[in-house]
Amino acid sequence: MIPFLDLGAAYRELKPEIEAAVARVLESGWYILGPEVEAFEAEWAAYCGARHSVGLANGLDALTLSLRALDIGPGDEVIVPSNTYIATWLAVSSVGATPIPVEPDPTTHNIDTTLIEAAITPRTRAILPVHLYGQPADLDPILEIARRHGLRVIEDAAQAHGARYKGQRIGAHGDVVCWSFYPGKNLGALGDAGAITTNDASLAERIALLRNYGSKQKYVNEEAGVNSRLDPIQAAVLRVKLTALDEWTERRRVLAAAYDEGLKGTGMILPNVPDWAEPVWHLYVVRTAEREALQAKLTEAGIGTLIHYPIPPHMQAAYAGLEIAPGALPMARDMAGEVLSLPIGPHLDIEALRRVVETLRGHA
């Protein structure tokens, strides 16, 4: 069997360090926020090239609290990609705002920056690009449009830990960058976890307030906040894994290059990387009209695959109220019917990858 992603292998590689870190927290007696979380926040901000980081319970909360901290709410509109995981849209809905979808660039699957301006209305407050599959969205045009129209930029970087845009790590281009450390991410915790990074001290301070019941001082509540605090045990685990992140990213890049070479001429549409992007290959996604047959063949061969994502947000029952016809966003609809994510991860060995390639070439 070749699993889609072997999370246990990541633990086994760093087992002594992870177990020592967890034991350190358990022995400290400090189980909510505190020095372990503060240490991770400082290390993560430094890694991302940002001035501030705030640890949160999960990636969805990172998006939601960022929107709240920017006073985006009912009556407002936020531009989002039509091709993304539904969490991007859910964050907008959770604050009472309306997600306004923009179709992807067919070559990168990220938001098409040439279509953003046409989606702006007097109610638009922010643009929320996603760095999908670990590849940066084209940020310069997004930031320029935002400046010209007085909009905020909130980046969904849940899949882009360590990715670079024009040489600079994702983490401080927009007003705020939102991270998920879900176990399957490139930097994954042993449960749910998240964070934001930003260069805006007041924004970081407000998000930190909101995550802790709207309170800086115990029993003194300045706002109606929530409980979305990064757990110290997860922070300790993330600190260990952060030391391995760059090496793990390099392993992913080697595997992606092997896929690129091995799958030439198969008829599948392979990932396209612009010159200005340095992706971290959270996912290696191909497109094919024969997706179901190809996935079945891989499954029969004991090879795990996933579909990111089989139903676009506008076609989910959760967004039936927006009354967007499936054909109104044809790129998102068509991609959902053709994309297939192949095994990739820092613990996939090259021989296993060659078996995946041979199976795919045999189908072709």
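The values are calculated or read from the model by the stated rules, or taken from the named source; none is laboratory data. No experiment lies behind these values; they were computed from the predicted model shown. Virtual Cβ from ideal backbone geometry, glycine too; neighbours counted across all protein chains shown. Just so you know, the surface numbers come from the protein's heavy atoms only, side chains and all, with ligands and any DNA or RNA stripped out. Shrake-Rupley method; radii C 1.70, N 1.55, O 1.52, S 1.80 Å.
Summed over the stretch 306-318, the residues that are open to solvent by 20 Å² or more (accessible area, probe 1.4 Å), touching a residue at least 24 places away in the same chain (Cβ under 8 Å) and not aromatic (F, W, Y) give a count of 7. The requirement of being open to solvent by 30 Å² or more (accessible area, probe 1.4 Å) and touching a helix residue (DSSP H, G or I) at 6+ places or on another chain (Cβ under 6 Å) is satisfied by L60. Condition first: crowded, with 23+ Cβ neighbours inside 10 Å and more than 19 Å from P136 (Cα to Cα). Can you find one or more residues in the stretch 211-226 that meet it? The answer is yes; a qualifying residue exists. Within the stretch 28-59, the set of residues being among the β-branched types (V, I, T) and part of a loop (DSSP other than H, G, I, E, B) comprises just one member, I32. Against the conditions (1) under 30 Å from P3 (Cβ atoms); (2) in contact (Cβ under 8 Å) with a residue 40 or more places away in the chain, L322 satisfies every one except (1).
State whether one or more residues within the stretch 139-147 are outside any helix (DSSP H, G or I) and modelled with pLDDT of 95 or more. No; the residues of the stretch 139-147 include none that is outside any helix (DSSP H, G or I) and modelled with pLDDT of 95 or more.
For R152, the criteria (1) open to solvent by less than 10 Å² (accessible area, probe 1.4 Å); (2) more than 30 Å from G345 (Cβ to Cβ); (3) in contact (Cβ under 8 Å) with a residue 60 or more places away in the chain hold in every case but one, which is (1). Among the candidates T88, T108, the residue that is in a loop (DSSP other than H, G, I, E, B), under 30 Å from S341 (Cβ atoms) and open to solvent by less than 40 Å² (accessible area, probe 1.4 Å) is uniquely T108. Among the residues making up the stretch 96-146, those that are of a type in the set (V, I, T) and farther than 20 Å from Y165 by Cα are T98, I100, V102, I120, T121, T124. Residues that are touching a residue at least 40 places away in the same chain (Cβ under 8 Å) and either farther than 20 Å from G59 by Cα or of a type in the set (D, E) (or both) within the stretch 202-242 comprise just one, D231. Among the conditions (1) open to solvent by less than 50 Å² (accessible area, probe 1.4 Å); (2) more than 30 Å from G191 (Cβ to Cβ), G321 misses just one, which is (1). Among the residues of the stretch 14-27, those identified as part of a helix (DSSP H, G or I) and either open to solvent by less than 70 Å² (accessible area, probe 1.4 Å) or touching an Asp or Glu at 6+ places or on another chain (Cβ under 6 Å) (or both) are I18, A20, A21, V22, A23, V25. Of all the listed residues (E338, E292), the sole one being surrounded by fewer than 20 Cβ atoms within 10 Å (Cβ to Cβ) and either closer than 26 Å to V80 by Cβ or touching a residue at least 24 places away in the same chain (Cβ under 8 Å) (or both) is E338. Exactly one residue out of G134, G171, G162 is touching a Gly at 6+ places or on another chain (Cβ under 6 Å) and crowded, with 21+ Cβ neighbours inside 10 Å, and it is G171. Name the single residue, out of those in the stretch 28-39 being open to solvent by 20 Å² or more (accessible area, probe 1.4 Å) and among the aliphatic types (A, V, I, L, M), that is farthest from the chain's Cα centre (by Cα). The qualifying residue farthest from the chain's Cα centre (by Cα) is I32. Filtering the stretch 252-266 to residues that are open to solvent by less than 70 Å² (accessible area, probe 1.4 Å), over 17 Å from A160 (Cβ atoms) and of a type outside the set (A, V, I, L, M, F, W, C) leaves Y259, D260, G262, T266. The strands (runs of 3 or more DSSP E) found wholly in the stretch 158-249 and carrying at least 3 residues that are within 19 Å of the chain's Cα centre (by Cα) occupy 176-180, 194-198.
Listed by first and then second residue, the pairs with beta-carbon distance under 8 Å, at least 6 apart or on different chains, first residue in the stretch 1-26 and farther than 23 Å from L230 by Cα, second polar (S, T, N, Q), are F4/T305; F4/S341.
Within the stretch 40-55, the residues that satisfy the criterion of being touching a residue at least 12 places away in the same chain (Cβ under 8 Å) and surrounded by fewer than 16 Cβ atoms within 10 Å (Cβ to Cβ) are G49, R51.
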